1. Based on alpha-carbon centroids, what's the gap between the range 304-341 and the range 26-41 in Å, whole number please?
2. Subtracting the Cα-Cα distance from 0.36 nm times the residue separation, let me have the gained length for residue 120 to residue 240 in nm, one decimal.
3. Determine, at each q value in 0.19 (inverse angstroms), the log₁₀ of I(q)/I(0) that the Debye formula gives when each Cα of the range 26-68 is one equal point scatterer.
4. Evaluate the distance, in nm, between pseudo-label points positioned 7 Å from the Cα of residue 227 and of residue 336 along their respective Cα→Cβ axes.
5. Relative to the present Cα-Cα distance, how much length would full extension add between residue 355 and residue 268 at 0.36 nm per residue of separation?
6. Given a Förster radius of 30 Å and the C-beta distance between residue 22 and residue 100 as r, what FRET efficiency does 1/(1 + (r/R0)^6) yield to the nearest 0.05?
7. I need the peptides 57-67, 89-99, 250-260 ranked by packing, meaning the mean over residues of other C-beta atoms within 10 angstrom, with the highest value on top.
8. I'd like the per residue volume of the convex hull spanned by the Cα atoms of the range 198-356, given in cubic angstrom.
């Protein structure tokens, strides 16, 4: 990537920040970084790297701005990388708030400008932190607003305008993609929606797999198959629940095989119906490899909301896709097991099985 340098000043020694570089002043580390045109790297003022010639120096307010201009962190300055990751999380968190508070979905340029990034670079950073593109995140947030409004006593028209749609045509063009069905059907509890399902057995007991038109929408675990069907009906009480046929039996066999051996992966489309925040949590959970665990606090930090570990726990509890979204890999900060939608004992069995499959491997969950 080419480096887009700001206009050169007549010698960095004329900039008051150069004195902090010469003295390697650690108190200046939070105020700026300096980059070197000839090497393509940037450092903190306190870096012990060899001092560059002042005419080759460019100053930036943040590591994020230096990276956006095409510079990379100095290999000696590993804390710069940590700071950059933290800044990326803060930038993305601010952008998520901007999306949530906006009446109309902000453009990529509008999201990138406050961060001092190009739209292309911001898009890459946003996806690396959330697992979603800015457009996909905005769509998830909009879908959440539509679902919330439709679940109340408001009309479809109210839901349309509250979600930022300014015309009927745009709303109805997007509604099926956002909700998985027509808005009128969603408001009536899934009327006219077809949900195929089947119940099978796995090492954890009974398992129910359900599929909407968009993909697998539920993987439920329990002791009583009848109760699992009731749980599915509670979600879409007016949907047409269609029992298994020969084709669907193959799908449930595939899912059962995945539950028995999560390391194999589940190559099936998933119908994730959750809020934008929940989808960020679920994306972070999906990055925990089999045999590893993460704490609720680690997940909260990973999605850029370090104080929201309780909300992370709630998002785990709202997950309807057992094992496919591996909320069983989330534990307390002390490593002890905590609540699990399908029972702590099942959580323990899943983790034990994954640990056995990874004997000899030293898997750890890293905050990125």
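1. About 39 Å separates the Cα centre of the range 304-341 from the one of the range 26-41.
2. Computed gain between residue 120 and residue 240 is 38.8 nm.
3. For the range 26-68 at q = 0.19 Å⁻¹, log10 I(q)/I(0) is -0.50.
4. The modelled label-to-label distance comes out at 2.5 nm.
5. 28.9 nm
6. 0.10
7. Working: 57-67: 21.0, 89-99: 18.8, 250-260: 16.9.
Final packing ranking: 57-67, 89-99, 250-260.
8. Hull volume normalised by residue count: 109 Å³.
Read the figures in this text as sums done on the coordinates, not as results from a lab. None of the values given here were measured: they were computed from a predicted structure. Every residue, glycine among them, receives a Cβ derived from its backbone with ideal geometry; neighbour counts consider all protein chains shown.
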